[in-house]
1. For segment 247-401, what does the alpha-carbon gyration tensor say about shape, rounded, prolate or oblate, given a ≥ b ≥ c as the root eigenvalues, a/c under 1.5 as rounded, and a/b over b/c as prolate?
2. For the pair residue 334/residue 284, report the inter-label distance in nm, with labels modelled 7 Å from Cα in the Cβ direction.
3. Sorted from largest down, what three extents in whole angstroms do the Cα atoms of segment 120-159 have along their principal axes?
4. So if we plug the beta-carbon distance of residue 141 and residue 102 into 1/(1 + (r/R0)^6) with R0 = 30 Å, what FRET efficiency do we get, rounded to 0.05?
5. Determine Rg/Rh for segment 282-369; Rg is computed over alpha-carbon atoms and Rh is the Kirkwood hydrodynamic estimate from the same atoms.
6. What is the extension gain from residue 350 to residue 241, computed as 0.36 nm multiplied by their sequence separation minus the C-alpha to C-alpha distance, in nm to one decimal?
7. So if we plug the beta-carbon distance of residue 149 and residue 302 into 1/(1 + (r/R0)^6) with R0 = 25 Å, what FRET efficiency do we get, rounded to 0.05?
8. 7 Å from Cα along Cα→Cβ at both residue 224 and residue 309: what's the point-to-point distance in nm?
């Protein structure tokens, strides 16, 4: 390959890398996987997609749509994340918000890190590459430490992530509405009432209504949606701390580490309020959370070392790690499903054997049919892998010549 052909190949590699970076940005804001439950209690006329939820990089969101039919009138779509939690907790399964805690928290930094790695791969000159990676990694580290440890660090997270935290607490607060006279039961509540009419309600402490706090916060003029959501979390946090023993209370700092540990504990205890069981789980997640920034720092230094040359295993990690993103997602998704099915709380109303929920395809749990399939965000992941595979082959050919 002559110099001119090599330059053309380098330009193509750079263009493909930039396309992959754009795809990574799109992946972050799109649903990657969806799960749905269907049963006779959820007729297709009212639930055309069943009880459906969507998995994103930064959280799990409602997949149910507002039904537009003459015989059915809905002011807003059913919150199917809450509906699925209601169904699952009767077999002892922890709420959806208790899964992927660290992945959701660190996903903005991880995706940005992959993008910076691809920028470095696009550069053919080692000295320039090291500079690009060094500046990019330094910016990510500053952003990450500011978010995770800095006062009001939560404001550096995405609005979608913060909204997911607030929504989860609102679901918990809604438990107290069950006893209100005249309120129509949701399909999930009707099903549970039918199955467990003679059983007492599960014990558990209700969380203050974060929704009311959010509604009040959003009326403040000049306040962004994210700021209002953070105010909602702060109010709920402070009310929760007021109920604790004085030696256990914390002052609100708004740091990512504080909010993550507190919110994780509240999620675990939404239906199964067993502090002796919850505290070790929170401590483990907190410890791992504190370790992740330093592990990422070590990985960045390793990549910088490998970027000094145009070959070697560390150099190829710049493209191979982003290329393998679909594999990493499936491994992580499967691991969390395993955790849910093998960590059933004994306080559940039904006793079932540990099981592996369906990762891909259709399954059945009791009278529910389960459906688990990739969404178009996973298709973007596969497209990103294909683009990077071509870029890697071109760069390999270029370096060999």
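Since every read-out is calculated from the coordinates, none of them should be taken as a lab result. Predicted model only: the values in this text are computed from it and were never measured. Please note: Cβ atoms are built from the backbone with ideal geometry, for glycine as well, and neighbour counts cover all protein chains shown.
1. Details: a/c = 3.34, a/b = 1.50, b/c = 2.23.
Cα axes put segment 247-401 in the oblate bin.
2. A separation of 2.1 nm, rounded to one decimal place.
3. Largest to smallest, the principal-axis extents are 40, 18, 8 Å.
4. On the way: r = 17 Å, r/R0 = 0.57.
Efficiency for this residue pair is about 0.95.
5. Here Rg/Rh amounts to 1.16.
6. Net length gain for the segment: 36.0 nm.
7. So the FRET efficiency works out to roughly 0.65.
8. 4.5
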